[in-house]
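The values are calculated or read from the model by the stated rules, or taken from the named source; none is laboratory data. These numbers were taken from a predicted model, which means no experiment stands behind them. Cβ placement follows ideal geometry from the backbone for every residue including glycine, while neighbour counts extend to all protein chains displayed. Calculation scope for accessible area: heavy atoms of the full protein, side chains included, ligands and nucleic acids excluded. Shrake-Rupley method; radii C 1.70, N 1.55, O 1.52, S 1.80 Å.
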Amino acid sequence: MKMIAMVKEFDRNIITIAGGPHISGLADHTMRIVKDLDYGFCGEAEAGIVKFCRIMAGEDGAALSGVPGLVYRKDGRVMINERAIVEDLDKLEFPEWDLIDPRTYPVAPQGTFTKRLPVAPILTSRGCPYECTYCGVKSNTGRKYRTRSPENVIAEIELLVSKYAVREIHIEDDNFTLDRNRVVRFCNLLIDKKIDISWACPNGVRLDTLDADILKLMERAGCYSFAIGIESGSPKF
Ligand code: B12
Ligand code: SF4
């Protein structure tokens, strides 16, 4: 809120946009309390942000109501457009790692355990079909589970290792181990290609997707740590 106010104080004509989990969960509230915020995006922004920028730049005459996920004000009301998710994650380009060079980050992004530095965070899937009541996944990436192919993920890891000297990967997926075959293929590719990284899943994996075989394979492929959610102390619930 302070940053947005500062930007507007500097120049009222600068357009301010917020995105990410907060506004995705509380769009109406955010627009009401942050008066200087012009626009917001709910959920994944890839589908909408380019269209939005083209409209703002005058290159596209379409109406704002057609921009997926856009939050805006109209006649004193907060309008929230329907979201669009990225169905085929392999079609996304790799992030502009030059702009967020992992070598310039002194600690792990998730700030817990690190075996080796530099660390790069990576998402190999989005969404989760489960309905844990406390979890924000439904307001963020949603219930539809979508995956990148293991080959696509490995190509990004190879880039991170060769160009940015990355030595550890933190998988930040909502539910990395949901598709067992994909995890097996991912691990086997890391082993076969002899990629020298340690990796961890600090955002957590579901306990009921794990067994001794998959854990041993993950360890052989370089995994040394993951978080798990202990949903209940009672086996009945
Ligand atoms: C890594 C992580 C953290 C790290 C962040 C480290 C860092 N330096 O960035 C740490 C451990 C610090 C953290 C802390 C917390 N986290 Co957290 N975290 C995550 C995690 C695992 C990955 C986030 C990420 O980087 N995703 C990758 C990016 C690319 O995806 P994205 O953020 O969704 O971005 C997309 C859109 O949101 C949008 N977008 C994002 N930003 C912007 C900006 C603009 C301008 C636009 C247009 C669009 C846009 O476009 C992107 C591409 O589609 C997510 C779960 C997940 N798998 O996403 C939880 C998650 C975001 N965290 C969550 C929570 C609750 C928290 C905490 C509040 C926990 C707590 N009680 O303390 C704190 C809040 C910290 C804070 N100050 O904000 C919830 C949020 C739920 C909600 N809607 O409220 C999530 C979704 C987990 C969950 N399933 O419940 N977190
Ligand atoms: S399994 Fe994990 S990501 Fe999925 S709803 Fe439950 S807590 Fe959220």
Item checked: Selected from PHE176, PHE52, PHE41 as most flexible by GNM, with the chain as the system and alpha-carbon contacts under 10 Å -> PHE52
Next item on the list: No other cysteine beta carbon under 4.7 Å away is the test; run it over the chain and list who passes.
Entry: CYS42, CYS53, CYS128, CYS187, CYS201, CYS223
Next item on the list: Write down the percent of antiparallel bridges among all DSSP beta bridges whose residues are both part of segment 89-229, to the nearest 5.
Entry: 15 percent
Check: Using a Förster distance of 22 Å, how high is the FRET efficiency between THR133 and THR112, based on the Cβ-Cβ distance and rounded to 0.05?
Finding: 0.35
Margin query: Would segment 2-80 count as rounded, prolate or oblate if I go by the C-alpha gyration tensor, calling it rounded below 1.5 in a/c and otherwise prolate when a/b exceeds b/c, oblate otherwise?
Written below: oblate
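If you count only protein heavy atoms with a 1.4 Å probe, what accessible area per residue comes out for the chain, rounded to a whole Å²?
58 Å²
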Next item on the list: Could you tell me what percent of the accessible area of the chain is made up of carbon and sulfur, with a 1.4 Å probe and every protein chain present?
Entry: 56 percent
Notebook entry, point to check: Semi-axes of the equivalent ellipsoid of segment 108-237: what are they in whole Å, largest first, if each equals the square root of 5 times a C-alpha gyration tensor eigenvalue?
Noted result: 25, 16, 15
Checklist line | Gain on full stretching of the segment that runs from LYS91 to VAL184 - 0.36 nm per residue minus C-alpha separation | finding: 31.3 nm
Notebook entry, point to check: Length gain on complete extension for the stretch ARG77 to ARG54, per 0.36 nm per residue less the alpha carbon to alpha carbon distance?
Noted result: 5.9 nm
